[in-house]
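Worksheet: the structure to be examined is printed underneath.
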Amino acid sequence: MEPILTADNLTKIFDEKGKEKFTAVDHISFQLYPGETLGIVGESGSGKSTLAKMISRLTDITEGNLFLCGKEITRVKGKALRRAYEDIQMVFQSPAASFDPRRTLGDGIGESLRNHGVSKVNVQKEAVRLLKECGLSPEFADRYPHEVSGGQCQRAAIARALAIRPKILICDEATSALDVTVQQQIMELLGRMREEREIACIFICHNLGLVQSFCDRLLVMYEGKIVEEGTPDEVIKNPRSDYTKELIEAVL
Amino acid sequence: MREDKKTPSVRKLRVRKSHIKTRLVLFLLLTAALMLTVIFAQQICPYDPNAQDTSISLQPPSLEHLAGTDRFGRDMFSRILVGLQTSVLSTLCLVVIITVAGTAAGILCGYYGGILDSVVMRISDVCLAFPGLVFALAIASLLGGGLHNAVFALAVISWPKYARIARSQTLSVKNTDYISAARLAGGNSIQIIIRHVLPNSIGPILVTSMLDIGTMLMELAGLSFLGLGAQPPTAELGNMMSGGRSMLQTYPWVIIGPGIAIFAAVVIFNLLGDTFRDYLDPRNSRRN
Ligand SMILES: Nc1ncnc2c1ncn2[C@@H]1O[C@H](COP(=O)(O)OP(=O)(O)OP(=O)(O)O)[C@@H](O)[C@H]1O
Ligand SMILES: [Mg+2]
């Protein structure tokens with residue numbers, strides 16, 4: 001099977017004036033196949049978010065190449081990048097901050113459709129339908145981000161990410177800001193959407209326990225490098241690096 | 001959403017907020033009255049502001065001529081109304097120009113960065129490098145005076161402030177997750193700027209321009225006072241005061257009248273600006 005996304009030696013070096021060079025992501029390579037879920041775990045500061053932003057091209061890639069369905073998108077801009085965003089979508093860690101405070105959730109959910117020329121009436125209908133699919137009533141379309149709870153907002157964020165029917169969904173700690181019961185509900189929602197729509201998922205998390213049952217494959221990151229790779233069971237049963245052992249101990 | 005438990009500080013905030021609202025309404029009404037006067041100045045002035053009648057020159061205020069007459073026998077009250085119109089309208093024009101130009105420049109610089117940012121910011125540095133009014137004086141006299149040139153000169157020294165505010169607002173908005181989300185939604189830069197960056201940066205800019213109306217009114221009148229703004233016989237508060245300055249001791253009303261008008265207009269605009277700022281200040285409101 002052709003991989004849907006290929007990361008080839010992706011590297012991110014922050015090189016700010018007056019500061020030392022800092023390699024946040026260090027030659028990371030992996031492949032993502034259609035329909036599979038790839039988990040990425042690692043402690044805070046290990047470069048997970050930076051990697052996610054590189055894959056979604058929200059930050060520049062210093063070195064390495066990125067391929068989407070065999071086409072290189074490492075440095076595409078403008079129209080070509082916007083076309084890539086029809087296939088790649090993202091759910092952010094802090095749900096409230098990922099919606100424009102001055103616009104309704106419905107507006108945010110429908111934005112991608114509106115950018116693709118769907119009429120206003122149809123966008124509204126679709127937003128309501130998506131909200132329902134994600135377990136929210138239609139009235140949420142008219143609410144502002146500060147008028148809903150974190151869990152509700154994250155559901156809306158998932159609805160937004162799915163609106164354009166992407167092939168890849170990146171979840172950057174999508175549940176970290178939520179409490180445990182809500183976390184479970186959001187995981188269920190993500191799981192259901194993943195099955196129904198056959199989306200490939202990159203699931204970033206710092207909690208090994210959470211990804212264990214959710215992912216097909218697992219990458220463990222430490223200081224910008226991949227230190228472990230395999231199915232969750234393999235990784236947990238035969239950890240090769242000391243860092244992974246620590247991670248496992250923390251869960252057990 | 002209402003909270004059941006009201007802590008004292010919350011109640012105090014509520015009181016302060018409603019207090020600000022009353023003030024805002026009051027000053028809005030005052031401003032509206034001022035603006036109506038300004039807009040209909042030609043219609044409400046009792047005499048032709050430019051009609052000369054030397055037989056009644058330099059008369060003190062009376063029921064007939066509420067603010068007296070000037071040395072050509074023109075009715076001061078009518079001239080003050082029309083002068084106020086000239087001053088206030090050109091000030092508003094100026095403020096709109098610097099707000100729009102400064103904001104556009106600042107947002108584009110902040111959003112795109114790079115060479116555009118460096119070039120525009122260096123130009124703004126040049127505009128700020130000299131003491132403001134002195135620079136404006138130089139520009140206005142270089143251009144040869146006249147109301148348009150005075151407005152232009154003041155615009156040149158005032159836009160950088162707006163560009164700076166807009167730029168720093170844009171820089172902080174640019175890195176938020178909702179802008180990332182807007183990119184992922186496939187919006188192009190212009191769409192993102194108009195839909196998300198501008199609405200989320202405009203608050204402090206509007207407050208600044210409200211607060212600047214009074215200052216600009218003074219500075220524009222100042223340039224006219226120095227003969228670099230509106231030229232006689234156009235009635236404008238600054239040049240009216242300048243025309244009467246030799247008569248301050250003998251016929252004080254020719255200079256006090258326009259002075260009071262400037263003072264009143266500046267105070268009203270400043271009060272409105274201050275209240276508007278307090279109203280938008282997040283410390284005075286509770287977002288729930
Ligand atoms: N814009 C930036 N400039 C300089 N350094 C940065 C920048 N963004 C991130 N970093 C650094 O890169 C490293 C990785 O950050 P990143 O946000 O990717 O970590 P993370 O694994 O997502 O952590 P967390 O679990 O806390 O979200 C950190 O050490 C951080 O300080
Ligand atoms: Mg992160």
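The values are calculated or read from the model by the stated rules, or taken from the named source; none is laboratory data. In this text, all values refer to a predicted model and were calculated from it rather than measured experimentally. Because the Cβ atoms are built from the backbone with ideal geometry, glycine has one as well, and the counts that use them run over all protein chains shown.
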Residue set B:GLY145, B:GLY187; condition farther than 30 Å from B:GLY229 by Cα and not in a helix (DSSP H, G or I); output residue B:GLY187
Within the stretch A:30-63, the residues that are away from ligand 1 (no atom under 13 Å from the Cβ), farther than 21 Å from A:LEU81 by Cα and β-branched (Val, Ile, Thr) are A:THR37
Looking at the structure I just gave you, is A:CYS153 in contact (Cβ under 8 Å) with a residue 12 or more places away in the chain, more than 15 Å from the chain's Cα centre (by Cα) and buried (at least 21 other Cβ atoms within 10 Å of the Cβ)? yes
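Conditions tested, residue by residue: (1) more than 16 Å from ligand 2 (Cβ to nearest atom); (2) buried (at least 19 other Cβ atoms within 10 Å of the Cβ); (3) touching a residue at least 12 places away in the same chain (Cβ under 8 Å); (4) within 18 Å of A:GLN89 (Cα to Cα).
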residue	(1), (2), (3), (4)
A:ARG165	yes, no, yes, yes
A:LEU169	yes, yes, yes, yes
A:GLU196	yes, no, no, yes
A:LEU218	yes, yes, yes, no
A:GLU223	no, no, yes, no
A:VAL235	yes, yes, yes, no
A:GLU246	yes, no, no, no
Filter pass, B:SER168 being surrounded by fewer than 21 Cβ atoms within 10 Å (Cβ to Cβ), within 14 Å of another protein chain (Cβ to nearest Cβ), over 21 Å from B:GLY229 (Cβ atoms) and not basic (Lys, Arg)
no
Notebook entry, point to check: If we scan the stretch A:123-145, do we find a residue that is out of contact with any helix residue (DSSP H, G or I) (no Cβ under 6 Å at 6 or more places or on another chain), free of Cβ contacts under 8 Å to residues at least 60 places away in the same chain and within 21 Å of A:LYS79 (Cα to Cα)?
Noted result: no
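Quick check on the stretch A:56-79: of everything there that is within 14 Å of another protein chain (Cβ to nearest Cβ) and either part of a loop (DSSP other than H, G, I, E, B) or within 13 Å of ligand 2 (Cβ to nearest atom) (or both), which residue is nearest to A:ALA200 (Cα to Cα)?
Applying the filter and picking the extreme gives A:SER56.
Could you pull out the residue among A:CYS201, A:CYS171, A:CYS205 that is within 16 Å of ligand 1 (Cβ to nearest atom), away from chain B (no Cβ under 14 Å) and under 20 Å from A:GLY35 (Cα atoms)?
That would be A:CYS205, the only listed residue that is within 16 Å of ligand 1 (Cβ to nearest atom), away from chain B (no Cβ under 14 Å) and under 20 Å from A:GLY35 (Cα atoms).
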Residue in the stretch A:158-166 that is assigned to a loop (DSSP other than H, G, I, E, B), in contact with a strand residue (DSSP E or B) (Cβ under 6 Å, 6 or more places away or on another chain) and either modelled with pLDDT under 95 or within 11 Å of another protein chain (Cβ to nearest Cβ) (or both) present = yes
May I ask you to verify whether A:ARG114 is more than 21 Å from the chain's Cα centre (by Cα) and of a type in the set (Lys, Arg)?
yes
Residues of the stretch A:84-98 being polar (S, T, N, Q) and within 15 Å of ligand 1 (Cβ to nearest atom), in sequence order, are A:GLN93, A:SER94, A:SER98
Selection over the stretch B:171-196 where residues are within 26 Å of B:CYS93 (Cβ to Cβ) and surrounded by 21 or more Cβ atoms within 10 Å (Cβ to Cβ) yields a count of 1
Condition check: within 16 Å of ligand 2 (Cβ to nearest atom), closer than 20 Å to A:GLN154 by Cα and at pLDDT 90 or above. Does A:ILE186 satisfy that?
no
Considering residues that are farther than 20 Å from A:GLU228 by Cα and away from ligand 2 (no atom under 16 Å from the Cβ), the number found within the stretch A:24-55 is 2
Condition test on A:LEU113, is it facing another protein chain (nearest Cβ under 9 Å) and either in a loop (DSSP other than H, G, I, E, B) or in contact with a His (Cβ under 6 Å, 6 or more places away or on another chain) (or both)? no
